[in-house]
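Worksheet: one structure, shown below.
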Amino acid sequence: MRPLSVIVRTVCNAFAWFVAVFGVYVIVHGHLSPGGGFQGGAVVATFMALLLVSHGATKCLGWVRTNFFYAFEHVGLLTFIAAGFLGIGVTFFYNSLALSGGLFGSAVPLGPNGGSLNTSGTIALMNCAVGIEVVGGLSMILLYMMQGVFHVDKPTLRGKEEAGHDR
Amino acid sequence: MKFRVFFVIAILVVGGLFWGAADAVHPFGNPGDVPMDGYFLSHAQRERGVNNVVTSIVFDYRGFDTLGEAAVLFTAVSSVAALFRGKGWR
């Protein structure tokens with residue numbers, strides 16, 4: 001797959017970062033606003049999709065390491081399970097950090113209020129964990145599919161430029 | 001001909017069932033007696049210290065369900081990797 005034109009590449013280069021920052025915002029504010037780990041992770045994975053579509057699979061696959069996203073996914077899932085085990089003294093998935101006064105432990109006033117990031121206990125922790133996992137998982141799906149569909153042989157393409165572009 | 005009669009009878013029976021079900025649904029905006037919703041809405045802020053009740057259900061009250069969702073994503077990634085991993089790039 002050849003890269004798209006220079007206009008598309010420039011726009012995707014610029015907007016991929018804004019998309020990534022917005023996705024991180026959605027993940028981090030998952031316990032205050034609509035969204036959360038799954039949705040924000042999908043938004044952040046759009047970063048990889050934009051780069052893959054605009055620059056072409058052959059060039060883009062030489063830039064990234066799959067092991068990076070592999071580690072993301074495993075760290076996310078293990079952190080999620082560990083956050084579930086934090087409250088094992090009562091039950092599995094008991095929210096032991098909430099209202100404890102420490103990390104994410106502030107109490108919220110009852111009724112409508114502005115909200116604070118330092119609330120909700122393990123919910124915020126699990127949001128971040130699931131976000132990391134979804135980022136790694138969806139990016140890995142994209143990379144593997146691009147590599148498999150276009151029969152890209154990865155070790156041979158480092159630093160090679162492609163001739164011409166589509167559209 | 002016999003099949004046509006059978007289909008007409010089947011459509012009438014299924015349509016009647018659908019009509020009855022649609023007629024028995026509560027009116028829009030009046031969900032009736034739902035004690036569970038009221039419990040979540042009134043206790044989420046006090047018990048879990050969280051403003052977003054939806055998140056408190058997804059990640060706390062039904063955290064085990066979300067663990068299953070994360071496992072589903074993990075399985076999907078594993079199967080895609082197994083399917084698309086060609087002879088290069090091991």
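For B:Asp60, indicate whether it is modelled with pLDDT under 90, exposed (fewer than 14 other Cβ atoms within 10 Å of the Cβ) and either under 23 Å from A:Ile81 (Cβ atoms) or charged (D, E, K, R) (or both). It is false that B:Asp60 is modelled with pLDDT under 90, exposed (fewer than 14 other Cβ atoms within 10 Å of the Cβ) and either under 23 Å from A:Ile81 (Cβ atoms) or charged (D, E, K, R) (or both).
Of all residues in region A:1-51, those being surrounded by 15 or more Cβ atoms within 10 Å (Cβ to Cβ), closer than 25 Å to A:Ala129 by Cβ and among the aliphatic types (A, V, I, L, M) number 16.
Whether a residue is in a helix (DSSP H, G or I) and at pLDDT 90 or above was assessed, and B:Ala44 does not pass this test.
Any residue at all in region A:36-43 that's over 30 Å from B:Tyr61 (Cβ atoms) and more than 14 Å from chain B (Cβ to nearest Cβ)? Let's see the steps before the verdict.
So in region A:36-43, the residues over 30 Å from B:Tyr61 (Cβ atoms) come out as none.
No, there is no match, as no residue in region A:36-43 is over 30 Å from B:Tyr61 (Cβ atoms) and more than 14 Å from chain B (Cβ to nearest Cβ).
Please tell me if A:Ile141 is touching a Phe, Trp or Tyr at 6+ places or on another chain (Cβ under 6 Å) and either more than 17 Å from B:Val77 (Cβ to Cβ) or not small (Gly, Ala, Ser) (or both). Against the criterion (touching a Phe, Trp or Tyr at 6+ places or on another chain (Cβ under 6 Å) and either more than 17 Å from B:Val77 (Cβ to Cβ) or not small (Gly, Ala, Ser) (or both)), A:Ile141 does not qualify. For region B:48-61, the condition holds for at least one residue, the condition being that it is in a helix (DSSP H, G or I), within 14 Å of another protein chain (Cβ to nearest Cβ) and either more than 20 Å from the chain's Cα centre (by Cα) or among the basic types (Lys, Arg) (or both). Examine region A:59-66 for a residue that is touching a residue at least 40 places away in the same chain (Cβ under 8 Å), crowded, with 20+ Cβ neighbours inside 10 Å and away from chain B (no Cβ under 11 Å), and state whether such a residue exists. For region A:59-66, residues touching a residue at least 40 places away in the same chain (Cβ under 8 Å), crowded, with 20+ Cβ neighbours inside 10 Å and away from chain B (no Cβ under 11 Å): present. Take the conditions more than 23 Å from A:Met126 (Cβ to Cβ), more than 12 Å from every other protein chain (Cβ to nearest Cβ) and aromatic (Phe, Trp, Tyr) and apply them to A:Phe22. Does it pass? The answer is no for A:Phe22. The set of residues in region A:77-110 being more than 7 Å from chain B (Cβ to nearest Cβ) and crowded, with 21+ Cβ neighbours inside 10 Å consists of A:Ala83, A:Leu97, A:Phe104.
The values are calculated or read from the model by the stated rules, or taken from the named source; none is laboratory data. Given the structure is predicted, the values throughout are model-derived calculations rather than measurements. Heads up, the Cβs are rebuilt from the backbone with ideal geometry, glycines too, and the neighbour counts pull from every protein chain shown.
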